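S.K.: Following this message is one structure expressed as structure tokens.
Just so you know, all these numbers are worked out from the coordinates, no wet-lab data involved. The structure displayed is predicted, hence computed values, not measured ones. As a convention, Cβ positions derive from the backbone with ideal geometry for all residues, glycine included, and neighbour counts pool all protein chains shown.
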Amino acid sequence: MDIEDRNRQLENDDRKYVWHPFTQMKDYVREKPLIIERGEGSFLWDIYGNKYIDGISSLWVTTHGHCKREIDEAIAEQLTKISHTTLLGLSHPPAIKLAQKLVSITPQGLNKVFYSESGSTAVEIALKMAFQYWHQNPDEPDEKNKFISLRNAYHGDTIGAVGVGGIDLFHKVYGPLLVDPIKVSSPHCYRCDLEKSYPSCNLECITQLEKIMRTHQHETAALIIEPLVQAAAGMLVSPPGFLKRTRELCTRYDILMLADEVAVGMGRTGKMFACEHEDVTPDILMMGKGLTGGYLPLSATMTTDKIYEAFLGKYEDFKTFFHGHTYTGNPLACSAALANLYIFERDGTLAKLGENITLLKEGLKRFWDLRHVGDIRQKGFMAGIELVLDRDSKAPFPTGRKTGIKVIMEARKRGLILRPLGDVIILMPHLNIGPRELHELINITYDSVKHVTEGTAFRETR
Ligand SMILES: Cc1ncc(COP(=O)(O)O)c(C=O)c1O
């Protein structure tokens, strides 16, 4: 079979057999699929050899870029020893070393590591842990059964995680299946649901949160929050102080704080974990995505000695945390994560990241020239550009116009892979992207937004 035939076959079989996530397949099968075959550094190549900048770190995971030699080698070395052994009652060196490392780099007090494979499962574990912690607490038996979660939140797609989600488009249909959390306003300053403006609002959303906590403290096990940025909702950046005040309230009302760092952890916000910006230690912290540098599925749910100890008891007391997946703490994935963290330290990735954060900030300023840009939100090295029909009224584009999708398809023609969240264009390249590629990424995004929203002529940019 020659290469053209092989490619056509792959395209046909993709349309025929693969059901793609978060994808309207009726539209998908009408188009020629983009099939990625190779990656290196900041770039991806499709099966025809076309080259693209990876503007979203392959869904927010490749911390140091594709094909990082040190991570390749760590996995290869582990392959010579063992690919999988269970953590259910046994252990292995990579899981032990990684747990020790994670304890040393997370906010002080998070001393225990529970592994799983995705952000969703890390959240699922946190919810169950928090619930069971109170259930086994002699002072509060069977009382604290509820969760507080934020509007616009996204914590993953498994049923528990969907239950504490707040994006109607993704979550509403599953309503009858879900836990029923107490929903509070999210600190979404561009479209505040309390109709206030920051900073004159004096964080009215926190005042509301306090009222809810005071009323429901007796029945609330935990509050779950994405620290600093509600990423999947379109990079909604919290105002300074919101996270710290939330922590204080959780402590005051004896409600556990679960910090979902799946999107914002691993350096994304400029510090290893977003909680560090406001000197916050949650009771439970979840991480995933970039943990293995974009190599293998691995996540971790970390907690304090106090919570861990509530699960200790005689065998027949059944205080055990009865949870664990077949591939929990897979040795290949743990080895990849260790190599990923080693690169952070060896290369001083976080110290250097400031330059890229500034370049991105500077590059985004020019987008204000485009009249359909309603808001630009950036925290560290993650950004969202919200496109609107009318900047003054903030009226969105009609959904059927698919503005966000058109922009990313335009960017694709120009050699850049992006993925929008509705009409918010997300920019999240890997942390070490070079200045030339970063400029090119910003320029292509600008030209694509302009082309789609202002009907300007296509201009070749590369
Ligand atoms: C904050 C947050 N939590 C959880 C998840 C779910 O992670 P996964 O897709 O690995 O299950 C995501 C995914 O985007 C996320 O952004």
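S.K.: Rounded to the nearest 500, what is the 222 nm mean residue ellipticity of the chain from helices alone, with -39500 (n - 2.57) per DSSP H run of 4+ residues and division by all residues? Before the final figure, lay out the partial values.
M.R.: On the way: 15 runs with 167 residues, N = 462.
So the calculated ellipticity at 222 nm is -11000 deg cm²/dmol.
S.K.: Is the C-alpha gyration tensor of region 265-352 telling us rounded, prolate or oblate? Criteria: a/c under 1.5 is rounded; beyond that, a/b larger than b/c is prolate, otherwise oblate. Present the calculation step by step, with values, prior to reporting the outcome.
M.R.: Working: a/c = 3.11, a/b = 1.56, b/c = 2.00.
Oblate is the answer for region 265-352, as a/c is 1.5 or above yet b/c matches or exceeds a/b.
S.K.: When we measure straight from the Cα of LYS450, which aspartates and glutamates land under 17 angstrom away, once same-chain ones fewer than 8 places off are left out?
M.R.: ASP369, ASP375, GLU386, ASP390, GLU410, ASP423, GLU440, GLU460
S.K.: Which whole-Hz ³J(HN,Hα) couplings does region 274-280 yield from phi under the Karplus relation 6.51 cos²θ - 1.76 cosθ + 1.60, θ = phi - 60°, glycine and proline marked x?
M.R.: Along region 274-280, the couplings run 4, 4, 5, 4, 10, 6, 10 Hz.
S.K.: How big is the dipole moment of region 71-347 about its Cα centre under a simple scheme where the beta carbon of each Lys and Arg is +1, that of each Asp and Glu is -1, and everything else is neutral? Debye, nearest 20, please.
M.R.: Values: 25 positive and 32 negative charges, 49 e Å.
I would put it at about 240 debye.
S.K.: If the only charges are +1 at each Lys and Arg Cβ and -1 at each Asp and Glu Cβ, what is the size of the charge dipole of the chain around the Cα centre, to the nearest 20 debye?
M.R.: Details: 56 positive and 59 negative charges, 181 e Å.
The dipole magnitude comes to about 880 debye.
S.K.: With both partners inside the chain, how many of the DSSP beta bridges are antiparallel, as a percent to the nearest 5?
M.R.: Rounded to the nearest five, the antiparallel share is 70 percent.
S.K.: Taking a cut-off of 22 Å between Cα atoms, list the lysines near LYS319, but don't count ones fewer than 8 places away on the same chain.
M.R.: List returned: LYS112, LYS128, LYS144, LYS146, LYS306.
S.K.: State the antiparallel share, in %, of DSSP beta bridges confined to region 71-347, rounding to the nearest 5.
M.R.: Taking every DSSP beta bridge with both residues in region 71-347, the antiparallel ones total about 45 percent.
S.K.: Of the options ALA221, VAL449, ILE405, report the single residue whose Cα projects farthest towards the positive end of the charge dipole of the chain (beta-carbon charges: Lys, Arg +1; Asp, Glu -1).
M.R.: VAL449
S.K.: Which cross-chain or sequence-distant (5 or more) residues have an amide H under 5 Å from the amide H of MET235, H modelled 1.01 Å from N in plane?
M.R.: The list, which skips near neighbours in sequence, is empty: none.
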